[in-house]
Amino acid sequence: MDLSARLPYYLFTKINTIKLIVFTALFSLIFINIYQPYNSTGWIKNMTNVKYFILSSVLVLLGMAVVAISRTILYRNYGSKKGRLKMWQYLLWIATEIATISLVFTLFETFIMNDKRNFVSMARISLWNTSLILLLPYSVLWLYFSWDDKNKRLLKMSSSIVYNNDDEPTHEKLLVMTNFFDNKGEIKFSLKLSDLMYIKGADNYIVVYYRDGEKLSSVMIRNTMKQTEKDLRPQGIIRCHKSYMVNTRHIKMLEKKSEGVIVKLDSPIPLNIPVTRSYVKDVYDLI
């Protein structure tokens with residue numbers, strides 16, 4: 001781990017800051033009610049579940065107030081691409097958050113709940129529990145934000161906006177790419193749109209055929225033709241048959257034969273794709 005490296009910008013965006021605060025608050029409430037840290041069950045004799053839930057909510061509000069203030073400061077001071085923190089600075093910031101919340105909880109135990117235990121001992125226990133409460137959701141969200149950012153980067157490959165080595169947007173023109181998703185909505189691969197020839201459907205799978213030098217290559221992914229048509233039609237990939245979609249950029253001829261209309265594609269090898277009667281008008285209209 002490079003502690004001097006700048007942190008990715010997505011950690012400090014407004015929407016991700018809000019997600020972090022909300023998710024951490026919910027996680028903390030569940031954690032406190034299940035794990036019951038800070039010796040909280042001993043604060044009130046014969047404590048009912050309702051009283052404990054109210055008490056735990058107060059604890060969460062206290063902790064989240066600190067987190068909200070901390071993250072607001074982070075967003076306002078470092079929520080830009082030029083002012084991002086380095087790794088060691090961010091780790092120190094988190095450590096400060098944990099220490100501050102631990103102190104708040106320890107003071108709450110001492111002065112509000114009249115806990116008679118040794119202050120240093122309570123502070124140590126509070127520090128341990130607070131570390132668990134914050135570090136677990138922070139780690140999960142960091143992984144999620146990273147995954148979400150990578151997906152967005154793949155989607156942006158099909159536009160003119162790209163990222164340089166500093167994660168900052170530029171406006172260089174890229175080769176136009178198209179993305180292919182599986183049935184779970186996850187991107188499986190991206191392909192240069194001008195190399196895409198046609199797509200063939202088979203049950204719940206599609207086979208993507210593309211130009212690979214002077215030959216055709218293919219990739220199979222799990223998805224339906226219906227969903228693929230919905231995703232790719234805006235890019236000029238049209239349905240011409242129950243089992244076929246073609247890239248209109250490579251249509252060189254529509255030929256009417258006795259068995260129906262045939263689409264001839266400009267490809268390294270001769271390709272004739274059938275057009276069924278129900279799609280003929282749509283194909284002619286689109287091209």
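The values are calculated or read from the model by the stated rules, or taken from the named source; none is laboratory data. Here the structure is a predicted model, which means the values were calculated and not measured. A quick note on method: Cβ atoms are made from the backbone with ideal geometry, for glycine too, and the neighbour counts reach across all protein chains shown. These area figures cover heavy atoms from the full protein model, side chains too; ligands, DNA and RNA do not enter into them. Shrake-Rupley method; radii C 1.70, N 1.55, O 1.52, S 1.80 Å.
Suppose R0 equals 25 Å; then what is the FRET efficiency for Lys256 and Tyr205 from their Cβ-Cβ distance, rounded to the nearest 0.05?
It comes out at approximately 0.25.
Across region 3-17, in residue order, what do the Karplus-derived ³J(HN,Hα) couplings come to in whole Hz, using 6.51 cos²θ - 1.76 cosθ + 1.60 with θ = phi - 60° and x for Gly and Pro?
Here the 3J(HN,Hα) series is 5, 8, 6, 6, 6, x, 4, 5, 5, 10, 6, 4, 5, 6, 5 Hz.
Mind running the shape call on region 200-282? Use the C-alpha gyration tensor, a ≥ b ≥ c as the square roots of the eigenvalues: rounded below 1.5 for a/c, prolate if a/b tops b/c, oblate otherwise.
Cα axes put region 200-282 in the oblate bin.
Express the accessible area of the chain per residue in Å², computed with a 1.4 Å probe while the remaining protein chains stay in the model.
Computed with neighbouring chains in place, this is 58 Å² per residue.
For the chain, modelled as a Gaussian network with Cα springs under 10 Å, which listed residue fluctuates most, Tyr138, Tyr210, Tyr35?
Tyr35
Can you pull the one-decimal nm distance between simple spin-label points at Leu191 and Ala65, each 7 Å off the Cα toward Cβ?
So the two model labels end up 5.8 nm from each other.
Apply the Karplus curve 6.51 cos²θ - 1.76 cosθ + 1.60, θ = phi - 60°, to the phi angles in region 61-76 and return the couplings in whole Hz, x for Gly and Pro.
4, 4, x, 5, 5, 5, 4, 4, 5, 4, 6, 5, 4, 4, 5, 6
Given the C-alpha centroids of region 237-287 and region 105-122, what is the distance between them in whole angstrom?
Centre-to-centre distance over Cα atoms comes out at 77 Å.
Longest span of the chain, sites excluded, free of trypsin sites (Lys or Arg not before Pro) in DSSP loop with at most 11 other C-beta atoms within 10 Å?
Value returned for the longest uninterrupted segment is 185-241.
Given only helices, namely DSSP H runs of n ≥ 4 each adding -39500 (n - 2.57), what is the per-residue ellipticity at 222 nm of the chain, to the nearest 500 deg cm²/dmol?
It lands at -15500 deg cm²/dmol.
Using +1 on the beta carbon of Lys and Arg, -1 on that of Asp and Glu, and nothing else charged, what's the dipole of the chain about the Cα centre, debye to 20?
360 debye
Could you work out how far apart the two model spin labels at Val120 and Thr13 are, taking each label as a point 7 Å from the Cα in the direction of the beta carbon, and quote it in nm?
Placing both labels 7 Å along Cα→Cβ, they lie 4.7 nm apart.
Using a Gaussian network model of the chain with C-alpha springs under 10 Å, which one of Phe111, Phe189, Phe53 is most mobile by mean-square fluctuation?
Highest fluctuation of the listed residues: Phe111.
Any idea of Leu91's accessible area? Nearest 10 Å², probe 1.4 Å.
Per-residue accessible area (Leu91): approximately 80 Å².
Report in % the part of the accessible area of the chain that belongs to carbon and sulfur, leaving out ligands and nucleic acids; probe 1.4 Å.
The value for the chain is 59 percent carbon and sulfur by accessible area.
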